[in-house]
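Bear in mind that the values in this text are calculations on the coordinates, not laboratory data. This one's a predicted model, so the numbers in the text were calculated from it and none came from an experiment. No Cβ is skipped: glycine too gets one built from the backbone with ideal geometry, and neighbour counts run over all protein chains shown.
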Amino acid sequence: MTCSLCGSEVGESFSGTEGIKLHRCSNCWLVFKDPELQPSAEEEEYRYAQHNNSDDCPGYRDFLNQALEPTLPYLDFGMEGLDFGCGPNPVLARMLDEAGYSCTYYDPFFFPDLPDDRQDFIMATECFEHFFAPAAEMKLLTALLRPHGTLTVMTHRWDEETDFSNWWYLRDPTHVSFFHRKTFDYLCSRFGYQVEEVPGDKVIVLRKMVVV
């Protein structure tokens, strides 16, 4: 078994919640579900379409603000951004528009057209855990981002205290990749980023430092 992020041979496999088969990479610290557990495209789209994420839901806006608020200090008015993996309702893009920033949106199932130009910032909220091929997705994100642009990621990270045998985050069948803080250190080293801010255990703000 090779790691879906760094390609290293993975020597550790174990069972998580409800017997879910997991693999842990000792090189980049990614934990990922066995490829046989990856849902089909049809199953993914159906699952995402069930999400009740609307503009008029204060709780959902508060949830997205966990990523938006630590990002705003790194933005200047007139910047152009992308809500990557926005799902069927791009609420975050509209929140950024309301705050005075131009933000388009992309989702492989619901809004599959990528922008033609590079972006000043990218918001990737609750999508990294869905990546079957995180290296390819990170390569795409990096190509879409201008040098010195910011990439904000929101995903529940695991750490040494995580009890995989009882972790609720594994139960969603579309959650297949799980990142440690050291996984983001690997991503920075490989793709040319630096960590700007880590507010809490879900959000991390990265800055692209070189052209990749």
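Taking region 13-48 as the range and being touching a Cys at 6+ places or on another chain (Cβ under 8 Å) and closer than 25 Å to F109 by Cβ as the test, the residues that pass are L30, V31, F32. Here V203 fits the description: hydrophobic (A, V, I, L, M, F, W, C), buried (at least 20 other Cβ atoms within 10 Å of the Cβ) and closer than 17 Å to L64 by Cα.
Of the residues in region 29-40, at least one is closer than 23 Å to I122 by Cα and either free of Cβ contacts under 8 Å to residues at least 60 places away in the same chain or part of a loop (DSSP other than H, G, I, E, B) (or both).
Against the condition under 19 Å from D34 (Cβ atoms), in contact (Cβ under 8 Å) with a residue 24 or more places away in the chain and touching a strand residue (DSSP E or B) at 6+ places or on another chain (Cβ under 6 Å), how does S177 come out, does it pass? For S177, the condition - under 19 Å from D34 (Cβ atoms), in contact (Cβ under 8 Å) with a residue 24 or more places away in the chain and touching a strand residue (DSSP E or B) at 6+ places or on another chain (Cβ under 6 Å) - is met.
Can you find a residue in region 118-139 that is surrounded by fewer than 19 Cβ atoms within 10 Å (Cβ to Cβ) and either in contact with an Asp or Glu (Cβ under 9 Å, 6 or more places away or on another chain) or more than 27 Å from L5 (Cβ to Cβ) (or both)? Yes, region 118-139 has at least one match. Looking across region 56-103, the residues that are acidic (D, E) and surrounded by 12 or more Cβ atoms within 10 Å (Cβ to Cβ) come down to E80, D83, D97.
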